[in-house]
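> The structure's right below; bear with me while I get my questions together.
The values are calculated or read from the model by the stated rules, or taken from the named source; none is laboratory data. All of these numbers come straight from a predicted model, not from anything done at the bench. Using ideal geometry, Cβ is built from the backbone for each residue, glycine included, and neighbour counts are taken over all protein chains shown.
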Amino acid sequence: MTQKKGEVKNRERKPISDINLSERIIYKMVADEQVISPMGQEVSKSTKAQTVARILLAIFLILAGTSHLTFQRKEFLAQVPDWVPMQPDLIVVLSGVVEIVLGASLVILTQQRIAVGWVVALFFVAVFPGNIAQLIGDKDAFGLNSDLLRWIRLPFQPLLIAWALWSTGAWRKWRSEKSNRNI
């Protein structure tokens, strides 16, 4: 059968069972479908921008977590507050593992993306005292070798929190539920 100019060739679609694991993961990452949460509630669609932002945040977290465990371990030690009742190196390793798990969860657990968004946001809140400890303790790390640079860094943590909540749809869902209660 010959194809005429301007005619779109009909592509056969594979059944989902014939798609390999990597194709399924990519499909789940970019699928823009209505999702039903484990509690039976409909979760709103993600926009393409939110999906891209969620994937970029996942990459950021996985790279940051990997750097905790490898080439920037010493830098992260500067952020562990003195009042934490555990070995600073253990804190760095554990937070690195958590970042890797959270990054992977942002990509893999798409049906639970709203809950994952809240957990990622809470993680960013939990590690914020490390940024403050670095400022107060005058600890140089990550090229932050002055109080001015350490102060400038602080507002980026709320931006990470907003990124997590927006890219997963958690903020929109919370606002929607809040406005529905007020009606």
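> What number goes with the only condition from (1) closer than 21 Å to P155 by Cα; (2) modelled with pLDDT of 95 or more; (3) crowded, with 18+ Cβ neighbours inside 10 Å; (4) among the β-branched types (V, I, T) that V116 does not pass?
The one condition V116 does not meet is (1).
> Going through V101, V92 one at a time, which residue ends up being over 14 Å from L165 (Cα atoms), buried (at least 21 other Cβ atoms within 10 Å of the Cβ) and of a type in the set (V, I, T)?
Just a single option satisfies the conditions, and that option is V92.
> Next question. Determine, yes or no, whether L94 is more than 20 Å from L159 (Cα to Cα), among the aliphatic types (A, V, I, L, M) and either in contact (Cβ under 8 Å) with a residue 24 or more places away in the chain or part of a helix (DSSP H, G or I) (or both).
In short, yes.
> (1) at pLDDT below 95; (2) under 24 Å from A53 (Cβ atoms); (3) surrounded by 14 or more Cβ atoms within 10 Å (Cβ to Cβ); (4) of a type in the set (D, E, K, R): which one isn't true of E177, the others all being true?
(3)
> Now a separate question. Could you check how many residues of the range 116-157 are free of Cβ contacts under 8 Å to residues at least 24 places away in the same chain and on the phi > 0 side of the Ramachandran plot?
Here the count works out to 2.
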